Every structure is written in structure tokens, then in C-alpha cells.
Amino acid sequence: MADSDLMATARRTISTCSQLGISLASAESLTGGRFVASLVDVPGASAVVRGGLVTYATDLKASLAGVDADHLEETGPIDPVVAAQMAVGTAVQCVADIGISCTGVAGPDPQDDKPVGLVYTAIAFGGKAKVFEHEFTGDRDSIRSQTVQAMAVNLDEFVGELAFGPVAGPGKGRGDLEE
């Protein structure tokens with residue numbers, strides 16, 4: 001996804017959330033705040049974006065984003081439940097309708113026996129979260145960029161479904177009608 005596509009996706013997400021009157025917050029680990037920065041690059045984002053937590057250090061996932069410390073101790077930070085709890089926790093902490101999160105291994109080395117490129121993202125709404133597992137390839141910067149792009153696309157699709165209902169069929173995006 002090119003930077004212009006990322007900006008277009010962010011614009012659409014901000015516009016849809018604004019129309020729905022819903023707010024967003026993020027909890028980011030490996031991306032270090034890049035995702036929320038992509039949202040606030042959009043003029044008018046302040047009507048939607050509540051804030052973001054950069055929980056790069058494992059202990060901050062518990063203390064700031066509300067991840068269960070015992071679970072973190074047991075599984076480590078690269079875990080689908082951790083991603084889900086980060087998304088729910090950031091929504092609570094930032095008083096937002098939607099929380100979105102990411103945790104993973106950007107490299108250059110594996111972490112806690114988890115391979116470079118393994119990333120979990122999650123979107124929370126109404127206290128429940130949907131988790132996405134990704135296996136990205138490339139160098140550290142590429143994995144971080146792919147994570148931001150995946151978060152943007154997943155969030156855009158999620159808020160699109162909130163606004164317009166499920167997509168009608170394979171490859172049918174918003175604004176596309178089946179014949």
C-alpha cells in the first residue's frame with residue numbers, strides 16, 4: 001500500500017467515524033505510534049481520535065492498556081489475547097468507542113521464540129475484540145509499515161460495516177454495488 005493509499009484509507013475511516021459519531025484510540029507496540037500518527041495526519045481527525053498509547057515495553061501493556069499481568073507473564077507480549085486486551089483496554093483508558101491495537105515482532109531477531117514478522121492486531125468495540133494474525137516478511141521497517149497498513153485496512157472495513165452493513169460479496173468495497 002502506497003502512502004497515498006494509506007492516507008486515503010485514513011481519510012475514509014475518519015469521515016465514516018465522524019458521520020457515525022464514534023471515537024477511536026490505539027495501543028501500539030512495534031509500530032511505536034505510527035498508526036495513530038497516520039490518523040491524525042487527516043484534517044478533522046480531532047473529532048474522532050481520542051489518543052494513543054505506545055506500550056512498547058511489555059510492562060506498559062499491563063499498566064497502561066489493562067492487559068492481565070499474569071497472562072503477559074505466561075505468554076509474553078506476542079499473543080492474540082494480549083492484542084485483544086490491549087484493544088479493549090485502550091478504548092477504556094482513552095474513553096473511546098473503538099480501540100485498536102498491535103503487538104508483534106518487527107525484528108531483526110525473534111522474541112520469546114516468536115518469529116520475526118508475527119504480528120497480532122485487534123479491534124475492540126463494545127468491550128469485545130476481533131483479533132487478526134499476520135505473518136509479514138521483510139526488514140524491520142517493512143514489517144512495521146505492513147502492520148500500520150493492515151490496521152488501517154481492518155479498521156476501515158470495520159467502521160464501514162458499522163455504517164453500511166457487511167460487504168455484499170468478494171472484492172466488493174464500499175460504494176461498489178452488485179449487479
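The values are calculated or read from the model by the stated rules, or taken from the named source; none is laboratory data. Just so it is clear, the model here is predicted, and its values are computed rather than measured. Every residue, glycine among them, receives a Cβ derived from its backbone with ideal geometry; neighbour counts consider all protein chains shown.
General remarks:
- Counted residues, the stretch 1-53 - those being within 12 Å of Ile98 (Cβ to Cβ), assigned to a helix (DSSP H, G or I) and hydroxyl-bearing (Ser, Thr, Tyr): 2
- Verdict on Asp68 being surrounded by fewer than 21 Cβ atoms within 10 Å (Cβ to Cβ) and farther than 20 Å from Leu162 by Cβ: yes
- Within the option set Ala106, Ala84, being touching a residue at least 12 places away in the same chain (Cβ under 8 Å), part of a loop (DSSP other than H, G, I, E, B) and small (Gly, Ala, Ser) holds for one residue only, Ala106.
- Qualifying positions in the stretch 109-122 - more than 15 Å from the chain's Cα centre (by Cα) and either touching a residue at least 60 places away in the same chain (Cβ under 8 Å) or within 16 Å of Gly32 (Cα to Cα) (or both): Gly117
- Residue match in the stretch 71-81 (condition: farther than 26 Å from Glu135 by Cα and at pLDDT 95 or above): no
Residue-wise test of (1) in contact (Cβ under 8 Å) with a residue 12 or more places away in the chain; (2) touching a helix residue (DSSP H, G or I) at 6+ places or on another chain (Cβ under 9 Å); (3) of a type outside the set (Gly, Ala, Ser).
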site	(1), (2), (3)
Ala47	yes, yes, no
Leu72	yes, yes, yes
Ile78	yes, no, yes
Ala96	yes, yes, no
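- Checked against (1) in contact with a helix residue (DSSP H, G or I) (Cβ under 9 Å, 6 or more places away or on another chain); (2) polar (S, T, N, Q); (3) without any contact (Cβ under 8 Å) to a residue 60 or more places away in the chain, Gln149 meets all criteria but (3).
- Selected residue (only one of Arg50, Arg12 is touching a strand residue (DSSP E or B) at 6+ places or on another chain (Cβ under 8 Å), farther than 23 Å from Pro115 by Cα, surrounded by fewer than 22 Cβ atoms within 10 Å (Cβ to Cβ) and of a type in the set (Lys, Arg)): Arg50
- Pick from the stretch 87-97, criterion part of a helix (DSSP H, G or I) and not hydroxyl-bearing (Ser, Thr, Tyr), ranking: surrounded by the fewest Cβ atoms within 10 Å (Cβ to Cβ): Val92
- In the stretch 60-70, residue nearest to Leu30 (Cα to Cα) [restricted to those that are in contact with a Leu (Cβ under 8 Å, 6 or more places away or on another chain) and either of a type in the set (Phe, Trp, Tyr) or without any contact (Cβ under 8 Å) to a residue 12 or more places away in the chain (or both)]: Leu60
- Asp156 satisfies every condition listed in (1) acidic (Asp, Glu); (2) at pLDDT below 95; (3) surrounded by 19 or more Cβ atoms within 10 Å (Cβ to Cβ) except (2).
- Filter result for Ser26 (within 12 Å of the chain's Cα centre (by Cα), under 21 Å from Gly126 (Cβ atoms), buried (at least 17 other Cβ atoms within 10 Å of the Cβ) and not hydrophobic (A, V, I, L, M, F, W, C)): yes
- Test result for Thr90, on the phi < 0 side of the Ramachandran plot and either of a type in the set (Phe, Trp, Tyr) or in contact with a Leu (Cβ under 6 Å, 6 or more places away or on another chain) (or both): yes
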